[in-house]
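Trainee: Once you've had a glance at the structure underneath, I'll fire off some questions.
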Amino acid sequence: MNKTIQLQDLGTKDFKETWDYQEQLFKGVLDTKIKNRREAAGLETKNFFLFVEHPHVYTLGKSGDMSNLLLNEDQLKAKGATFYKINRGGDITYHGPGQIVGYPIIDLDNFFTDIHKYLRFLEEVIILTLDEYGLKATRSEGETGVWLDVGTPFARKICAMGVRASRWVTMHGFALNVNANLGYFDNIIPCGIRGKAVSSLNVELGVKEVDEAEVKAKILKHFSKMFEAEFKK
């Protein structure tokens with residue numbers, strides 16, 4: 001089993017370009033698995049982890065409802081935002097500047113073959129990261145992602161998640177609001193969940209800006225521990 005993960009920080013990159021790149025890496029891992037199965041080739045499958053920040057974009061998952069996007073095409077342009085229907089699970093979400101997006105493209109055969117466990121591990125990585133900032137984040141039953149003050153009128157989501165998996169290979173991932181412009185969430189019903197707010201780490205800490213490089217380092221530390229993996233650049 002290969003538990004080494006190739007880390008790539010793409011900086012700021014267009015959503016569609018990044019999606020295409022994810023698909024390329026995803027297909028490469030799948031092709032290796034298919035070759036191993038057909039030819040008993042015994043080839044090692046690769047794992048990848050992409051960090052990226054997208055320009056303003058809304059994405060709708062396979063099970064999503066278009067009515068959760070509250071803007072028409074002209075209004076999207078006026079906001080400087082784009083929109084895509086994509087092949088992950090979940091409903092609608094927003095990506096933009098000040099948000100750390102992580103896309104693990106990993107072969108779960110190298111770790112454990114359980115998608116439910118995989119999602120819970122992703123959530124735990126973010127929960128542990130936020131704990132280092134003094135925030136008690138939790139899960140919300142039946143709602144994938146990471147939340148604050150669950151079970152109160154002040155419940156708010158700070159990290160959205162949505163993944164795709166085929167033959168135990170994953171793509172897409174999580175989006176953690178760190179220094180995000182929360183006004184952009186007003187243009188959607190986030191994740192299709194009415195009446196629940198969103199938040200960002202800088203808002204919770206009452207500061208203008210949080211060091212995103214520091215947050216990324218903490219995410220990688222906890223991901224490495226949870227998955228018993230080693231990152232390399």
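The values are calculated or read from the model by the stated rules, or taken from the named source; none is laboratory data. The shown structure was predicted, so the numbers you read here are calculated from the model rather than taken from an experiment. Methodologically, a virtual Cβ is constructed for each residue, glycine included, from the backbone with ideal geometry; neighbour enumeration extends over all protein chains shown. The area values use the complete protein model at the heavy-atom level, side chains included, leaving out ligands, DNA and RNA. Shrake-Rupley method; radii C 1.70, N 1.55, O 1.52, S 1.80 Å.
Trainee: Taking GluC sites (Glu not before Pro) that fall in a DSSP loop and have at most 15 other Cβ atoms within 10 Å as cut points, what is the longest piece of the chain between them?
Mentor: With GluC sites (Glu not before Pro) excluded where exposed in loops, the chain gives 45-131 as its longest stretch.
Trainee: For the range 83-131, just say rounded, prolate or oblate: build the C-alpha gyration tensor, square-root its eigenvalues into a ≥ b ≥ c, call rounded for a/c under 1.5, and beyond that prolate if a/b exceeds b/c, oblate if not.
Mentor: The shape class here is oblate.
Trainee: For Lys216, list the lysines whose Cα falls under 17 Å from its own Cα; do not include residues on the same chain fewer than 8 positions away.
Mentor: Within reach: Lys13, Lys225, Lys232, Lys233.
Trainee: Another question, if that's okay. Starting at the first residue of the range 63-68, write each ³J(HN,Hα) from the Karplus equation 6.51 cos²θ - 1.76 cosθ + 1.60 with θ = phi - 60°, in whole Hz, x for Gly and Pro.
Mentor: Calculated HN-Hα couplings, in order: 9, x, 10, 4, 5, 7 Hz.
Trainee: Kindly flag which residue pairs out of Lys3/Lys27; Lys35/Lys221; Lys117/Lys208; Lys85/Lys218 have an alpha-carbon separation exceeding 28 Å in this structure.
Mentor: Where the Cα-Cα span goes over 28 Å, the pairs concerned are Lys35/Lys221; Lys117/Lys208; Lys85/Lys218.
Trainee: Also, quick follow-up: Per residue, how big is the convex hull of the range 28-133 when only Cα atoms are used? Give it in Å³.
Mentor: About 148 Å³ per residue, rounded to a whole number.
Trainee: Send over the semi-axes of the range 113-206's equivalent ellipsoid, whole angstrom and largest first, taken as the square roots of 5 times the C-alpha gyration tensor eigenvalues.
Mentor: 22, 15, 13
Trainee: Sticking with the crude label model, points 7 Å out along Cα→Cβ, report the distance from Thr138 to Asp186 in nm, one decimal please.
Mentor: 3.0
Trainee: Note down the accessible area of Arg164, probe 1.4 Å, to the nearest 10 Å².
Mentor: Around 70 Å² of this residue is reachable by solvent.
Trainee: Under the definition of Cα pairs under 8 Å and six or more residues apart, what whole-number percent is the relative contact order of the range 80-224?
Mentor: The normalised contact order for the range 80-224 reaches 31 percent.
Trainee: Based solely on C-alpha atoms, express the radius of gyration and the Dmax of the chain in angstrom.
Mentor: 17.5, 57
Trainee: A follow-up question, please. For the pair Lys3 and Asp211, what calculated FRET efficiency results from E = 1/(1 + (r/R0)^6), where r is the Cβ-Cβ distance and R0 = 30 Å, to the nearest 0.05?
Mentor: Calculated transfer efficiency: 0.60.
Trainee: I would also like to ask the following. Ignoring ligands, DNA and RNA, what percent of the 1.4 Å accessible area of the chain is carbon and sulfur?
Mentor: 49
Trainee: Sticking with this structure for a sec: Skip the ligands, DNA and RNA, and give the accessible area per residue of the range 94-233 with a 1.4 Å probe, whole Å².
Mentor: About 43 Å² of surface per residue is accessible.
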